[in-house]
Amino acid sequence: MIGERMQDAINAQIKEEMESAYLYLSMVGYFESIGLEGMAQWMKAQVQEEVAHAMRFFDHLVERDGRVKLLALAEPKTEWSSPLDAFQAALAHEEYITGKISDLVTLAAEENDHAAAIMLQWFVSEQVEEEATASRIVDLLARIGTDGPGLVMVDRELGARVPMCTPAPADSDGE
Ligand code: FEO
């Protein structure tokens, strides 16, 4: 059975992951509003990933006889000044989430919770990937600036991202 401190921290992280999904869903709305459908498509896939992250934490609690307690989500921002501004916000958000995962790893060590520590290793690697991907898009958008054809090209590239069909099971190595 999971300890109370770790249970509370995982419930808080479920909220963080769902707020990530909510933020990115808000960005889908923003990209749709300015006609960048490829970026909207990319963010939709990101929303699915974040829900899958929340479910990994949810399933971990259930498997260890913990109690899931869902918390209220904060209202996300709805406007950004440019696609670059939105992806910079996404990168900053992923850096924030990396800090939260790191705090959980520290807590697992303090609590001698090896099961949580093993589960969290997947998230440590995932955050490296999440930051690298967002950072690459920020760099691309910064390089093209306000160049119309460049923006269309990046939009097309991001639109090729394949959405997830179902959330990955808690014990798989999937996205
Ligand atoms: Fe769930 Fe994008 O980190």
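Across the stretch 120-133, coupling constants 3J(HN,Hα) worked out from phi with the 6.51/-1.76/1.60 Karplus curve, θ = phi - 60°, read 6, 4, 4, 5, 4, 5, 4, 5, 4, 5, 4, 5, 5, 5 Hz, and Gly and Pro carry x.
Over the chain, what percent of the accessible surface lies on carbon and sulfur atoms, probe 1.4 Å?
Answer for the chain: carbon and sulfur cover 56 percent of the accessible area.
For the chain, the residue among Ile137, Ser33, Gly150 whose Cα projects farthest onto the positive side of the dipole built from Cβ charges is Ser33.
With the charge dipole of the stretch 43-175 set up from +1 on Lys and Arg Cβ and -1 on Asp and Glu Cβ about the Cα centre, the Cα lying farthest toward the positive end among the listed residues Ile118, Ile101, Pro83 is that of Pro83.
Over the chain, dividing the summed -39,500 (n - 2.57) contributions of all DSSP H runs of at least 4 residues by the number of residues returns a 222 nm mean residue ellipticity of -26000 deg cm²/dmol.
Over the chain, give the accessible area per residue in Å² for a 1.4 Å probe, as an integer. Don't jump to the answer; show the numbers that get you there.
Numbers: 9120 Å² over 175 residues.
Counting only protein heavy atoms, the per-residue value for the chain is 52 Å².
What's the long-distance tail for the chain, i.e. % of Cα pairs beyond 30 Å? Could the numbers behind the result be given before it?
Working: 3299 of 15225 pairs.
Tail of P(r) above 30 Å: 22 percent of Cα pairs.
Applying the criteria of a DSSP loop state and at most 10 other Cβ atoms within 10 Å to the GluC sites (Glu not before Pro) of the stretch 54-160 yields Glu79.
For the pair Ala160 and Glu111, how long in nm is the line joining their label points, each one 7 Å along Cα→Cβ? In this crude spin-label approximation the distance works out to 4.3 nm.
The mean sequence distance of close C-alpha pairs (under 8 Å, at least 6 residues apart), as a share of the length of the chain, puts its relative contact order at 33 percent.
The values are calculated or read from the model by the stated rules, or taken from the named source; none is laboratory data. Bear in mind that the values here come from a model prediction, so they are computed numbers and not experimental data. Neighbour counts are summed over all protein chains in view; Cβ atoms, including those assigned to glycine, are modelled from backbone coordinates with ideal geometry. Just so you know, the surface numbers come from the protein's heavy atoms only, side chains and all, with ligands and any DNA or RNA stripped out. Shrake-Rupley method; radii C 1.70, N 1.55, O 1.52, S 1.80 Å.
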